[in-house]
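The values are calculated or read from the model by the stated rules, or taken from the named source; none is laboratory data. Being a predicted model, the structure only gives us computed values, none of them experimental. Quick reminder, even Gly has a Cβ in these numbers, built from the backbone with ideal geometry, and neighbours come from all protein chains shown.
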């Protein structure tokens, strides 16, 4: 059985003081959630506060992005080694907002995944189609291309160290959510593509998360699907009570 993974992406919200206050409340609310993994991705300036606030708990912290070089003249960037050194265990790669606003591509995602693995970080690779692509019946083609292009150079043992998040762009921050059946169809396509590329073991073990307007009132239906192994939560992860309700689905 794949262990459920519930992740919260805070995007560009919260100061260090607000981060500390969040965890003061959140820790107790999820103390009994021992059968799932919990990861939160705060902004870079909040990482130290988040790592400190979650020390000696089962809550893990990740970065929202990384650069593929170890160091150098890359103003504004953060390396995997820097994230690891501050106490991060995870990192997001190619979130749809990174693709849309900052030109992230499948090719740059491949470099970032490699850099994350080299720095002992677990990358969550984000993929998904736009509304136009879905309405044009391109969902399967888009997902297959995103998987093949970014994961082409990985060996099966390397692939086993990553997770995938399916986030349909039309459901992110819109209040719209794919029905559990629509989400399951996409997750099954992704797992089949992984199976074709890496074989049965990696495909059966890969955790595939759903991201897109996940809330306390829809998490149970999503998690009831056989190929949905968790959630990448946006806005609902900003309040301790609502995110705890999702973790404790």
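Structure notes:
- Among residues of the range 67-91, those that are in contact with a helix residue (DSSP H, G or I) (Cβ under 8 Å, 6 or more places away or on another chain) and either surrounded by fewer than 18 Cβ atoms within 10 Å (Cβ to Cβ) or under 25 Å from residue 17 (Cβ atoms) (or both), counted: 9
- Only one of 226, 156 that is more than 29 Å from residue 118 (Cα to Cα), surrounded by fewer than 15 Cβ atoms within 10 Å (Cβ to Cβ), touching a residue at least 12 places away in the same chain (Cβ under 8 Å) and in contact with a helix residue (DSSP H, G or I) (Cβ under 8 Å, 6 or more places away or on another chain): 226
Yes/no matrix, rows are residues, columns are (1) farther than 20 Å from residue 66 by Cα; (2) modelled with pLDDT under 95; (3) touching a strand residue (DSSP E or B) at 6+ places or on another chain (Cβ under 9 Å):
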| site | (1), (2), (3) |
| --- | --- |
| 104 | no, no, yes |
| 136 | yes, yes, no |
| 143 | yes, no, yes |
| 146 | no, no, yes |
| 149 | no, yes, no |
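- Cβ pairs under 7 Å, 6+ apart, first in the range 32-57 and surrounded by fewer than 13 Cβ atoms within 10 Å (Cβ to Cβ), second outside any loop (DSSP other than H, G, I, E, B): 45/16
- Residue satisfying condition, being under 24 Å from residue 22 (Cβ atoms) and modelled with pLDDT under 95, within set 212, 230: 212
- Sole exception among (1) modelled with pLDDT of 95 or more; (2) within 20 Å of residue 110 (Cβ to Cβ) for residue 225, by number: (2)
- Residues of the range 18-50 that are in a helix (DSSP H, G or I), under 22 Å from residue 245 (Cα atoms) and in contact with a strand residue (DSSP E or B) (Cβ under 8 Å, 6 or more places away or on another chain): 23, 26, 27, 50.
- Listed by position, the helices (runs of 4 or more DSSP H) enclosed by the range 70-140 that each have at least 3 residues that are more than 27 Å from residue 57 (Cβ to Cβ) are 96-102, 106-118, 131-135.
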